[in-house]
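Single-structure report; data block below.
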Amino acid sequence: MIPYILRRFGAGILLALLVTLITFTLLSFSFDAVVRARLGSATTPEAVAAMTATLGFDRPVLVQYFDWLGGVLRGDFGTSLFTSEPVGPAVASRLAVTLSVVLVALVITVIISVALGVVAATRGGVVDRLAQAASLFGYVVPGLLIAIVLVVVFAINLRLLPATGYTPFNVNPSKWAATITIPVIVLVIAGAANITAQVRGTMIDELRKDYVRTLRTRGISTRSIVLKHALRNAAGPALTVLSFEFITMLGGALIIEKVFALPGFGTFAFNSSLQGDITVIMGITLFSVLLVVSINLLVDLVNGWLNPKARIF
């Protein structure tokens, strides 16, 4: 297993290098616009040339990239071009906000999706149709509409939850839970639709296989067959969908953070892109690639643990 992890880790590092190099090369075309944005109304040819030299933008792109990469290897991600805030802590703090919402939503999504998918596959009939209707609701109803309805009902009318804002967990756990409740519900409704459909489909396929019939003839209880055998074998495709759903939730975090005024990763990335804050964009790109690579590796390891036939290490 260790050689496999090392190979995947090496492939992830190469991917991060490739993505960051391409990103930096594309950003290099906006160097002049960034300089002019920093200068504001004081833009003159002399000032532009001086600022370009100060920021090092007059050097070859590859030289600048490897300077940035050398800093990253030393733990220095640079500072924001507009706020002078250290990039590493800034990205990490915003990512913590986003992950506090996404991970809670993901855990709840898994619990609900597995329960609905298994019940729908084993019971059939009305229960199955209700589960499919719930999944369809998550597919067709826009998350933004759900967010607005929840805010109107629970924040404005009932005044049970805050409409916007974020309180860190270490400051006040109860207020943290209140501030993330509505965003989590929105993400769960959208995410559970995909995973429930996947679990239901794979469970139906597993329950039709010969080994299930054999287990039944041996007197094994239905509960044991479903939970210990069929669900374990059906976990692989569901885990793959789960990893995609996690990435989708991260991508959709921008909308959630904008609606609920959360100081998260998506909002930070959006604002930095609008400003052309190159060092921040590079830090966000690197963190994003490493996070996706880590999630995919974790899913492969869990899938191999659940299903020995799926092991590739």
| Placing +1 at every Lys and Arg Cβ and -1 at every Asp and Glu Cβ, with all other atoms neutral, what dipole size does the chain have around its Cα centre, in debye to the nearest 20? | 1600 debye
| remark: Extension length gain for L158 and D67 (0.36 nm per residue less Cα distance), in nm, is 27.3 nm
| query | Using modelled backbone amide H atoms (1.01 Å from N, in-plane), which distant-in-sequence or interchain residues come within less than 5 Å of A261's amide H? | reply | G165
| With the chain treated as a Gaussian network of Cα nodes joined by springs under 10 Å, which of Y139, Y166, Y211 yields the largest mean-square fluctuation? | Y211
| query | If you put +1 on each Lys and Arg Cβ and -1 on each Asp and Glu Cβ, how big is the dipole of region 1-95 around its Cα centre, in Debye rounded to 20? | reply | 380 debye
| note | For region 88-310, the convex hull over Cα atoms projects on average to an area in nm² of 14.5 nm²
| query | Under a GNM of the chain (C-alpha, springs under 10 Å), which listed residue has the highest mean-square fluctuation: L99, L207, L160? | reply | L160
| Tally of Lys pairs whose C-alpha atoms are under 26 Å apart, taken over the chain, 8 or more apart or cross-chain | 4
| request: Can you pull the one-decimal nm distance between simple spin-label points at F9 and T248, each 7 Å off the Cα toward Cβ? | output: 3.2 nm
| field | Inter-centroid distance (Cα atoms) of region 174-223 relative to region 11-27, Å | value | 36 Å
| Backbone N under 20 Å from the A53 label point (7 Å along Cα→Cβ), restricted to region 6-37 | 31-37
| request: Could you check the simple spin-label distance between L144 and A115, using points 7 Å along Cα→Cβ, in nm with one decimal? | output: 3.2 nm
| Out of T83, S113, T267, whose Cα points farthest toward the positive end of the dipole of the chain (charges: +1 Lys, Arg; -1 Asp, Glu; placed on Cβ)? | S113
| query | Does anyone have the angle between helix 231-260 and the longest principal axis of the chain? Alpha-carbon axes, 0 to 90°, nearest 10? | reply | 40 degrees
| said: Just to confirm the number: angle between the C-alpha axis of helix 2-27 and the first principal axis of the chain, 0 to 90 degrees, nearest 10? | reply: 40 degrees
| Hey, in the GNM for the chain with a 10 angstrom Cα cutoff, which one of A235, A190, A49 fluctuates hardest? | A49
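Readers should treat all values here as calculations from the given coordinates under stated rules, not as data from a laboratory. Predicted, not measured: the structure shown is a model, and the values here were computed from it. All Cβ positions, even for glycine, are placed from backbone atoms using ideal geometry, and neighbour counts span all protein chains on display.
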